[in-house]
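For reference, the structure discussed in these notes is given below.
The values are calculated or read from the model by the stated rules, or taken from the named source; none is laboratory data. Predicted, not measured: the structure shown is a model, and the values here were computed from it. A quick note on method: Cβ atoms are made from the backbone with ideal geometry, for glycine too, and the neighbour counts reach across all protein chains shown. For the accessible areas, the whole protein counts, side chains as well, though only heavy atoms, and no ligand, DNA or RNA atoms are used. Shrake-Rupley method; radii C 1.70, N 1.55, O 1.52, S 1.80 Å.
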Amino acid sequence: MIRAELRPKGPYSLRLSGRHASDATRVVTAGTYRATVRVGDRLERVHALQRPDGRIVVAAESDAGVDHVRFALGLDDDHSEFLRRFADDPLLGESVRQLRGLRPMRTGTVAQALLRAVAGQLIQASRARQIERTIVRATTAELGGLHAPPTCADLARYSPAELARLGLGARRAGALIRLCRTLELERLKSVPTDKVVARLTRERGLGPWSVGVVCVEGLGRYEFGLYRDLGLAKLASALWGRWVEAEESDQLLRPYGEWSGLASVYLLAGYARGFVPLPLAA
């Protein structure tokens, strides 16, 4: 067993970042992180907690397990510039001040982020997470009560009809399997974000929101936002005092440029907590 102490670059709160982050592969609660990961041809368990001094203490069976925690928690991705730049932003300012340790948690594989993206299209978030859990548990091995994050190979073994029986719509299942069979998604981690976006948006069945989920949660990129997110559309409607179509809400993210992905996360979290100033009529 390996024990490592990692110091996050910039402000970081595991308790805040892990809120609602548990899934079939990990449990994140009370400032702790526990997951099953695939290392080569075997599975191993990893565990992490944050000490009062801010350090993340990791227990893993290999250096690869430690590296998984480092990436999944985003410990090396300092967002201090984002916090400085938007501290006085009319929409984001209060969220930035109140949630400064928040970073989006990453999935164990890019394939899992793609599954999350297609499962979450146009349905209730709780139902989407239920479908994701069902598919992960059906397609990957388990260790310690948690399943390994699915790879392209895991998902490509199934037909659209088989995934449809697990709850995923047939068209979305077809898009997921087609991508897993034709594109090695993990290699996208070495591809610039603009090229990733261009490649994924050419695929039938993947819209801007799905691409944003892959970028933010699968690749750990902050440059491309969660465009067309239903929560952002609701926020825009509350701000503008009228019903807003999803594509109109893209305007909310334009001021944040290369930080639009992280701005999406902060806007959604801040809106849920009442930190985004709204007109009194809203």
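Descriptive notes on the structure:
- Here ARG38 fulfils each of the conditions (1) open to solvent by 60 Å² or more (accessible area, probe 1.4 Å); (2) touching a Lys or Arg at 6+ places or on another chain (Cβ under 9 Å); (3) assigned to a strand (DSSP E or B) apart from (2).
- Sole residue being touching a residue at least 60 places away in the same chain (Cβ under 8 Å), surrounded by 15 or more Cβ atoms within 10 Å (Cβ to Cβ) and of a type outside the set (Gly, Ala, Ser), chosen from VAL244, VAL265, VAL197: VAL265
- So GLY74, is it more than 19 Å from ARG106 (Cβ to Cβ) and part of a loop (DSSP other than H, G, I, E, B): no
- Qualifying residue in segment 52-64 (condition: at pLDDT 95 or above, surrounded by fewer than 22 Cβ atoms within 10 Å (Cβ to Cβ) and under 21 Å from GLY218 (Cα atoms)): yes
- Any hit, segment 247-258, residues being surrounded by 23 or more Cβ atoms within 10 Å (Cβ to Cβ), free of Cβ contacts under 8 Å to residues at least 60 places away in the same chain and of a type in the set (A, V, I, L, M, F, W, C): no
- Counting the residues of segment 236-276 that are in contact with a Gly (Cβ under 7 Å, 6 or more places away or on another chain), part of a loop (DSSP other than H, G, I, E, B) and not β-branched (Val, Ile, Thr) gives 1.
- ARG97 being under 29 Å from ALA263 (Cβ atoms) and over 20 Å from the mean Cα position of the chain (by Cα): yes
- Evaluation of HIS20 against (1) of a type outside the set (Val, Ile, Thr); (2) open to solvent by 10 Å² or more (accessible area, probe 1.4 Å); (3) at pLDDT 95 or above (one fails), failing number: (3)
- Search result, residues across segment 102-151 that are open to solvent by less than 10 Å² (accessible area, probe 1.4 Å), among the small types (Gly, Ala, Ser) and either assigned to a loop (DSSP other than H, G, I, E, B) or touching a residue at least 60 places away in the same chain (Cβ under 8 Å) (or both): ALA111, ALA113, ALA117, ALA148
- Scanning segment 187-235 for residues that are outside any helix (DSSP H, G or I), within 17 Å of VAL110 (Cα to Cα), out of contact with any Phe, Trp or Tyr (no Cβ under 8 Å at 6 or more places or on another chain) and of a type in the set (D, E, K, R) yields a count of 2.
- Summed over segment 200-219, the residues that are of a type in the set (D, E, K, R), surrounded by fewer than 22 Cβ atoms within 10 Å (Cβ to Cβ) and in contact with a Lys or Arg (Cβ under 9 Å, 6 or more places away or on another chain) give a count of 2.
- Unmet criterion (only one of (1) within 30 Å of ARG254 (Cβ to Cβ); (2) surrounded by fewer than 22 Cβ atoms within 10 Å (Cβ to Cβ); (3) of a type outside the set (Val, Ile, Thr); (4) in contact with a helix residue (DSSP H, G or I) (Cβ under 9 Å, 6 or more places away or on another chain)) for PRO192: (4)
- Scan of segment 23-33 for residues that are on the phi > 0 side of the Ramachandran plot and open to solvent by 40 Å² or more (accessible area, probe 1.4 Å), ordered by number: ALA30
- Any hit, segment 162-179, residues being open to solvent by less than 30 Å² (accessible area, probe 1.4 Å), closer than 20 Å to ASP41 by Cα and under 20 Å from the mean Cα position of the chain (by Cα): no
- The single condition among (1) modelled with pLDDT under 95; (2) farther than 19 Å from THR36 by Cβ that VAL197 does not satisfy is (1).
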